[in-house]
Amino acid sequence: MYATGSVAMQLGEWMMLNCTPRMHLLCGLMICNYATYMAQYCLNFNSFLFMYGIVFGIGFGIVYFLPILCAWTYFTNRPMTAGSILCWFSILAIYNSSQCS
């Protein structure tokens, strides 16, 4: 997921420059939702790996930097803003994984 997400970040950068943030977010999240929904119907591990690892990674990569870009337009301290957003990504991932177990 992270490998395809890092490749899809290039598409996300292009979308940041050429689309509105709302359309950018809508496209990326539709891909993520489609991949998650279709992964539940996969009958073997390879198709599950494709849907959740590759397709979901593309949607994730598209929307990864959008919150940082939107925050940079409102806050002047860019390093602190980017650091706090990425920190909250990590904290929420840890919180969600602890809720699942």
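Any read-out appearing in this document is the output of simple, stated calculations on the displayed coordinates, not a laboratory observation. None of the values given here were measured: they were computed from a predicted structure. Heads up, the Cβs are rebuilt from the backbone with ideal geometry, glycines too, and the neighbour counts pull from every protein chain shown.
At-a-glance table
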read-out	value
Mean Cα-pair separation over length for the chain, i.e. relative contact order, pairs under 8 Å, 6 or more apart, %	36 percent
Efficiency of FRET between Phe45 and Glu13 - r from beta-carbon atoms, R0 30 angstrom, step 0.05	0.40
Rule-of-thumb Rg ratio for region 20-101 [Cα; 2.2 N^0.38 Å; N residues]	1.31
Per-residue ³J(HN,Hα) for region 52-65, Karplus 6.51 cos²θ - 1.76 cosθ + 1.60, θ = phi - 60°, Hz, x for Gly and Pro	8, x, 9, 5, 5, x, 5, x, 4, x, 5, 9, 5, 8
Segments 28-39, 79-90 sorted - mean Cβ within 10 Å per residue, highest first	28-39, 79-90
Residues Phe60, Phe75, Phe45 arranged by fewest to most Cβ contacts within 10 Å	Phe45, Phe75, Phe60
Least to most buried among Thr4, Thr76 (fewest other Cβ within 10 Å first)	Thr76, Thr4
Helix-only [θ]222 nm of the chain, DSSP H runs n ≥ 4, -39500 (n - 2.57) each, per residue, nearest 500	-25500 deg cm²/dmol
